[in-house]
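Got a structure here, written out as structure tokens. Questions coming.
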Amino acid sequence: MNSYTEYFGIDISKQTFDVVNQSGKHWQYENTKKGFLKFKRTIKVDSICVMEATGIYHLPLAKYLHSKDVNISVVNPTRIKRYSQMTLNRNKTDKSDAKIISSYAQNQEVELWKPAPDLIEQGKDLVQIIEQYIEFRAGLKNKKDGLKSKNTTKSLIKIIENQIDSISIEIDELQQKLIQMVKEYDSKLLQNITSIVGIGQNTAALLILTSDGFINFDSAKQLCSYFGLAPTEYSSGTSINGSRKISKMGNPLVRKKLFMCSLQASRYNKSCIDLYQRLLAKGKPKKVALIAVVNKLLKIVFAISKSGLPYDREYKSFVVKR
């Protein structure tokens, strides 16, 4: 269990952050470098600061505290929410949230956080920009189709087509920049992952970036859970008997890309074909079989990331009989 001199729970918003220690004392600071400095002065040696992963708002403070050798943990917001429900907390304010986070740190095991390499952080930002461009392009394509159905003038349709072409060029350039960035981070890892039949460069780069290069995972099971692909069961007694589903608690973009990869892998990757066909023969729905292929691909990715070897299409696992 954790053993620190003081536990600071931190609730962060865009402009301010609230801090509560284990004694219930409350502070509020500006979410600026000036506020960070004021807060740092109150932190004793061997204390720990715990905060939720709140999009981009927690990162500046987390990086600042880490640079000052302060113990810091960044926790999944879902865990804090579940803990709050378990303790029957009914209040919802910045102060009460910070108090819950402090209590969580005192009663639950928390892991120390460290920032990802700059290339990883920059790559994540680039992924978000690319996806925004792709969504915008999809909207323009839908608008173009709608205008065509109304027999709109060709000049207006041409304007939208030019915008689509321009955005497509931007997307291609950004994707090339993203691949180059991941190559600078670990070109061998990128090459090894793309050796897996069914996974292309863009998906491989996304997996490397969103997992921080797989350095924080000890097993394939952890990786599958992190991306929300671990199966969950919803049943109780005789009255509740739900089907097994994936948790969907991780990055939805990763799941989307991997599902598209599973369509190719279930046709051209030998080990995935065998799994897919075996599940279909058992009467499983196609979507269930494809999700199993997604998990298979992710397990192969994890094995490759740890071994440092490319994918072996002829590899067969076996159990020694005694």
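Being closer than 16 Å to S67 by Cα and touching a residue at least 60 places away in the same chain (Cβ under 8 Å) is the requirement here; does V45 meet it?
no
Of the residues that sit in the stretch 250-265 and are more than 16 Å from Y311 (Cβ to Cβ) and not aliphatic (A, V, I, L, M), which one is modelled with the lowest pLDDT?
Filtering first and then ranking leaves G250.
Would you check if S84 is more than 21 Å from the chain's Cα centre (by Cα), closer than 25 Å to G228 by Cα and surrounded by 15 or more Cβ atoms within 10 Å (Cβ to Cβ)?
Criteria met by S84.
Would you point out the residue of the stretch 87-105, among those that are surrounded by 16 or more Cβ atoms within 10 Å (Cβ to Cβ) and not aliphatic (A, V, I, L, M), that is farthest from G55 (Cα to Cα)?
S103
Would it be correct to say that I304 is in contact with a strand residue (DSSP E or B) (Cβ under 8 Å, 6 or more places away or on another chain) and in contact (Cβ under 8 Å) with a residue 24 or more places away in the chain?
On the way: in contact with a strand residue (DSSP E or B) (Cβ under 8 Å, 6 or more places away or on another chain): no; in contact (Cβ under 8 Å) with a residue 24 or more places away in the chain: yes.
Answer is no for this residue.
Taking the stretch 251-302 as the search range and keeping residues that are more than 18 Å from the chain's Cα centre (by Cα) and not in a helix (DSSP H, G or I), which one is surrounded by the fewest Cβ atoms within 10 Å (Cβ to Cβ)? Reasoning before the result, please.
Step one: of the stretch 251-302, the residues more than 18 Å from the chain's Cα centre (by Cα) are 262-290, 292-293, 296, 300.
Then drop every residue that is not not in a helix (DSSP H, G or I), which leaves 269, 282-285.
Details: N269: 24, K282: 9, G283: 7, K284: 15, P285: 11.
Checking each candidate, the answer is G283.
Report, by residue number, each residue of the stretch 184-211 that is buried (at least 17 other Cβ atoms within 10 Å of the Cβ) and among the charged types (D, E, K, R).
D186
Same structure, new question: Does the stretch 83-100 include one or more residues that are in contact with a Phe, Trp or Tyr (Cβ under 6 Å, 6 or more places away or on another chain) and at pLDDT 90 or above?
yes
Same structure again: Take the residues of the stretch 164-197 that are of a type in the set (V, I, T) and within 23 Å of F214 (Cβ to Cβ): which is farthest from the chain's Cα centre (by Cα)?
Among those residues, the one meeting the criterion is V197.
Looking at the stretch 54-67, which of its residues are surrounded by fewer than 14 Cβ atoms within 10 Å (Cβ to Cβ) and of a type in the set (S, T, N, Q)?
Restricting attention to the stretch 54-67, the residues satisfying the condition of being surrounded by fewer than 14 Cβ atoms within 10 Å (Cβ to Cβ) are 55-56, 67.
S67, the sole residue that qualifies.
Follow-up. Would you mind telling me which numbered condition in (1) among the polar types (S, T, N, Q); (2) in contact (Cβ under 8 Å) with a residue 40 or more places away in the chain; (3) touching a Pro at 6+ places or on another chain (Cβ under 8 Å) N31 fails?
(2)
Just one of S102, S168, S149, S187 is among the polar types (S, T, N, Q) and in contact (Cβ under 8 Å) with a residue 60 or more places away in the chain; which is it?
The conditions single out S102.
On to the next question. Before we move on, is M51 free of Cβ contacts under 8 Å to residues at least 40 places away in the same chain, hydrophobic (A, V, I, L, M, F, W, C) and either touching a strand residue (DSSP E or B) at 6+ places or on another chain (Cβ under 8 Å) or surrounded by fewer than 18 Cβ atoms within 10 Å (Cβ to Cβ) (or both)?
Here the answer is no, as M51 does not meet what is asked.
Further question on the same structure: I'd like the residue in the stretch 1-18 that is in a loop (DSSP other than H, G, I, E, B) and closer than 16 Å to V50 by Cα and, out of all such residues, is modelled with the lowest pLDDT.
M1
The values are calculated or read from the model by the stated rules, or taken from the named source; none is laboratory data. The structure displayed is predicted, hence computed values, not measured ones. Cβ sites come from the backbone with ideal geometry, for glycine too, and all protein chains shown count toward neighbours.
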